[in-house]
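To start, the structure under review is shown below, and the notes come after it.
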């Protein structure tokens with residue numbers, strides 16, 4: 001396990017930038033989640049943050065309070081449209097990895113769903129995660145009743161490897177690696 005892997009630069013795709021949250025954005029999202037604010041920064045889509053984004057903002061706020069890590073240092077990123085700069089979702093690596101495996105989670109606000117943003121963002125962050133020397137597998141869980149998210153993972157190149165009837169588990173490994181059944 002390495003605590004040295006960080007994302008210091010933005011990750012760019014054809015239509016998106018995956019960038020770290022700022023401390024102010026974390027604070028704004030937490031305040032919205034706590035009902036202390038209802039105003040959003042102008043660069044956020046009208047429906048950002050969604051429920052999952054608010055949860056991640058809380059996790060990042062706890063990480064900031066615990067130590068010197070900057071927001072997003074290990075993979076918590078905002079999904080930003082390159083054209084116009086609107087924040088439309090978030091994506092995270094749930095760091096640190098366990099036995100070479102790290103989980104990814106993501107969400108795009110309802111107003112931007114169906115545009116392929118989630119797939120584009122997942123591909124980019126998975127590829128980046130697999131550059132860490134201690135990561136050989138990236139995995140995600142999805143509710144079987146959420147076919148759109150199932151398609152996102154499949155289009156991003158992840159393969160279903162288990163299910164408990166409610167949740168399907170998807171994973172992908174570094175080229176040439178055979179992911180364990182973990």
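The values are calculated or read from the model by the stated rules, or taken from the named source; none is laboratory data. All of these numbers come straight from a predicted model, not from anything done at the bench. Glycine also receives a Cβ, built like all others from the backbone with ideal geometry; neighbour counts cover every protein chain displayed.
Given the criteria assigned to a strand (DSSP E or B), closer than 25 Å to residue 169 by Cβ, touching a helix residue (DSSP H, G or I) at 6+ places or on another chain (Cβ under 6 Å) and touching a residue at least 40 places away in the same chain (Cβ under 8 Å), does residue 107 qualify? Taking the combined requirement at face value, the residue satisfies it. Return a yes/no flag: does region 112-130 have any residue that is part of a strand (DSSP E or B), in contact (Cβ under 8 Å) with a residue 12 or more places away in the chain and buried (at least 20 other Cβ atoms within 10 Å of the Cβ). No - not one qualifying residue is present in region 112-130.
Among the residues of region 132-142, those identified as touching a helix residue (DSSP H, G or I) at 6+ places or on another chain (Cβ under 7 Å) and at pLDDT 95 or above are 138, 140, 142.
Here is the figure for region 23-62: residues that are at pLDDT below 90 and outside any helix (DSSP H, G or I) total 7.
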